[in-house]
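Colleague: Have a look at this one before I ask anything.
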Amino acid sequence: MIWLYLGALFCLIIAGEAVVATRSWSDGDTGEWRVVIALRGLSDEYTIVRNWVIPGAEQGDIDLLVLGPHGVLVLEVKNYRAKYECDGDDWVNVKENGYRKRMKSPSRQLAKNSRAVQSFLVKSGWLGTVHSALVIPPRADVRIAGASVTILDWKALPQHIRALPSHGTPVSVSLFRG
């Protein structure tokens, strides 16, 4: 009988993990769509690529790429709702009771993604500029000190993109199609 209870408990734990993972993925997906909506005002010289996977790479997808006169902009989107602190590449989630929980660094994730995109483009023969930015909601409660990457709220993103220096040689959108 004890095995039945332990089995049921195990199933509940696994189901709970699946719910958390699904909620996390759903939050991320919602954040990405909000960024896409915020970028609607960009002119036709820009192309947005969503959830791109680098061919042959053993890593997750790139949330968003913005291709345009500036070259390529790699975006890592976080749909944060709690309180966070960033000090360089170190990130913590600050709980309501003051407990500080270290978390996986989104700035390191962005830097890794940017390097991977740059490497892919160089291998493809394009030697342009790859920019990057971590994008958070305007309402995010994030204290930032000495960030190693550009961190913007998505309302400021279109203006940031338009201000990026022009590269000259456009990147072919066909490189990013499956």
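Every number here is computed from the coordinates shown, using simple stated rules; none is lab data. These numbers were taken from a predicted model, which means no experiment stands behind them. Methodologically, a virtual Cβ is constructed for each residue, glycine included, from the backbone with ideal geometry; neighbour enumeration extends over all protein chains shown.
Colleague: Pull up the cross-link candidates among the aspartates and glutamates for Lys101, meaning alpha carbon to alpha carbon under 13 Å and not fewer than 8 places away within one chain.
Modeller: Those aspartates and glutamates meeting the cut-off are Glu85, Asp90.
Colleague: Give the shape of region 35-178 as rounded, prolate or oblate, defined through the alpha-carbon gyration tensor: a ≥ b ≥ c are the square roots of its eigenvalues, a/c under 1.5 means rounded, and otherwise the shape is prolate if a/b is larger than b/c and oblate if not.
Modeller: Note, shape of region 35-178 comes out prolate.
Colleague: Applying 1/(1 + (r/R0)^6) with R0 = 41 Å to the Cβ-Cβ distance of Arg102 and Val122, what FRET efficiency is obtained, to the nearest 0.05?
Modeller: It comes out at approximately 0.75.
Colleague: Just to confirm my numbers, what's the Cα centroid distance between region 146-171 and region 49-125 in Å?
Modeller: Each part reduced to its Cα centre gives a spacing of 14 Å.
Colleague: If you plug each phi of region 67-80 into the Karplus form 6.51 cos²θ - 1.76 cosθ + 1.60 with θ = phi - 60°, what whole-Hz ³J(HN,Hα) values come out, in order, with x for Gly and Pro?
Modeller: 9, x, x, 7, x, 10, 10, 8, 10, 10, 9, 10, 9, 5
Colleague: Ok, one more. Describe numerically, in nm with one decimal, the distance between label points set 7 Å from Cα along Cα→Cβ at Ser172 and at Glu58.
Modeller: A separation of 2.9 nm, rounded to one decimal place.
Colleague: Under the Karplus relation 6.51 cos²θ - 1.76 cosθ + 1.60, θ = phi - 60°, what is the ordered set of whole-Hz ³J(HN,Hα) values for region 120-135, x standing for Gly and Pro?
Modeller: Once θ is set to phi - 60°, the couplings for region 120-135 become 4, 5, 4, 4, 8, x, 9, 10, x, 8, 10, 9, 8, 7, 9, 10 Hz.
Colleague: Looking at region 49-178, send over the antiparallel percent of its DSSP beta bridges, to the nearest 5.
Modeller: Taking every DSSP beta bridge with both residues in region 49-178, the antiparallel ones total about 55 percent.
Colleague: For Lys95, list the lysines whose Cα falls under 28 Å from its own Cα; do not include residues on the same chain fewer than 8 positions away.
Modeller: Lys78, Lys83, Lys104, Lys112, Lys155
Colleague: What residues have an amide H closer than 5 Å to that of Ser132, excluding those fewer than 5 places away on the same chain, when H is modeled at 1.01 Å from N in the peptide plane?
Modeller: Sorted by chain and number, the residues that satisfy this are Val74.
Colleague: May I pose another question? Which part of region 60-96 falls in the paramagnetic zone of Asn51, meaning amide N under 17 Å from the point 7 Å along Cα-to-beta-carbon?
Modeller: Within reach of a label on Asn51: 60-66, 75-79.
Colleague: Please report the net charge: other residues with Cβ closer than 12 Å to the Cβ of Val135, K and R +1, D and E -1.
Modeller: In short, -1.
Colleague: Given 0.36 nm per residue, what is the gain on full extension from Ala163 to Lys112 after removing their alpha carbon distance, in nm?
Modeller: Stretched fully, the Ala163-Lys112 segment lengthens by 16.0 nm.
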